[in-house]
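Just below is one structure, and these are the notes that go with it.
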Amino acid sequence: MKKDDCIFCKIANGEVPSKTLFEDEDFRVILDLGPAAKGHALILPKEHAKDIYELSQETASKVFVLAKKMAARMVEKLHCDGFNVVQNNGEIAGQTVAHFHIHLIPRYQDDGQAIHWIPGTPSQEELEAVRKLIVE
Ligand code: AMP
Ligand code: ZN
């Protein structure tokens, strides 16, 4: 299902033009208009889902297969030095467009970008407490 006021629904379904790298019945892969580096692309499912929690099992089962295929092609064609696959959910996590998407970001030695976090220093007890919280 498409969502009427969603820009990525419109792009994914071809109602708004984009620099398309790939399309099939489930997805469109486009160049990001504000790229972190040359070739930064977005995988957009054609079916609207706000985020990973809303994503259908079927789409979820296909999307990383496509990410792998696109990454291989982009590395071959762009001769980049590395590659980030990024997916944000929620404003605090950096999501600015409320339609699930995966960032494919080619990385170059001198691109000046940094996708990083500050590592914490939890104790064994703290790690065990969070492990239990998740698995129990
Ligand atoms: P996120 O912050 O994970 O929600 O990523 C949204 C991404 O979409 C950003 O990298 C934007 O540069 C990109 N973006 C927003 N609008 C468009 C658009 N109309 N076409 C292509 N990329 C877009
Ligand atoms: Zn949408």
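Quick notes on this one:
- Solvent exposure of the chain, expressed per residue, is 68 Å² of accessible area, with all protein chains present and a 1.4 angstrom probe.
- Of the solvent-accessible surface of region 50-136, computed with a 1.4 Å probe over protein heavy atoms with every protein chain present, carbon and sulfur atoms account for 57 percent.
- Förster radius 22 Å - calculated FRET efficiency between ALA72 and LYS38, Cβ distance, rounded to 0.05: 0.80
- Distance (nanometres) between label positions extended 7 Å along Cα→Cβ at TYR108 and GLU58: 4.0 nm
- Förster radius 22 Å - calculated FRET efficiency between THR20 and ALA93 (Cβ-Cβ, nearest 0.05): 0.25
- Surface composition of region 10-49: carbon and sulfur make up 53 percent of the accessible area, probe 1.4 Å.
- Among ALA60, ALA49, ALA12, the largest mean-square fluctuation in a Gaussian network model of the chain (Cα springs under 10 Å) belongs to ALA60.
- GLU54, GLU25, ranked by accessible area, largest first (probe 1.4 Å): GLU25, GLU54
- Rounded to the nearest 20 debye, dipole of the chain from Cβ charges on Lys, Arg, Asp, Glu: 440 debye
- Only aspartates and glutamates eight or more places from LYS19 in sequence, or on another chain, were considered; those with a Cα closer than 20 Å are ASP32, GLU47, GLU76.
- Region 13-33 versus region 84-98: alpha-carbon centroid distance in Å: 19 Å
- Percentage relative contact order, the chain, counting C-alpha pairs under 8 Å, at least six apart: 23 percent
- Between GLY120, GLY39, GLY14, the Gaussian network model of the chain with springs among Cα atoms under 10 angstrom shows the greatest mean-square fluctuation at GLY120.
- Solvent-accessible surface of protein heavy atoms, probed at 1.4 angstrom with all chains present, puts HIS99, HIS48 in the order HIS48, HIS99, largest first.
- In this structure the amide hydrogen of PHE27, modeled in the peptide plane, comes within under 5 Å of the amide hydrogens of LYS46, none closer than 5 places in sequence on its chain.
- Exceeding the 22 Å Cα-Cα cut-off - candidates LYS3/LYS77; LYS38/LYS77; LYS2/LYS62: LYS3/LYS77
- Taking 4.7 Å between C-beta atoms as the pairing limit, the chain has these partnerless cysteines: CYS80.
- Applying the Kirkwood pairwise sum to the alpha-carbon positions of the chain produces a hydrodynamic radius of 16.5 angstrom.
The values are calculated or read from the model by the stated rules, or taken from the named source; none is laboratory data. Just so we're clear, the structure is a prediction, and the values are computed from it rather than from any experiment. Methodologically, a virtual Cβ is constructed for each residue, glycine included, from the backbone with ideal geometry; neighbour enumeration extends over all protein chains shown. Surface accessibility is based on the protein's heavy atoms, side chains included, excluding ligands, DNA and RNA. Shrake-Rupley method; radii C 1.70, N 1.55, O 1.52, S 1.80 Å.
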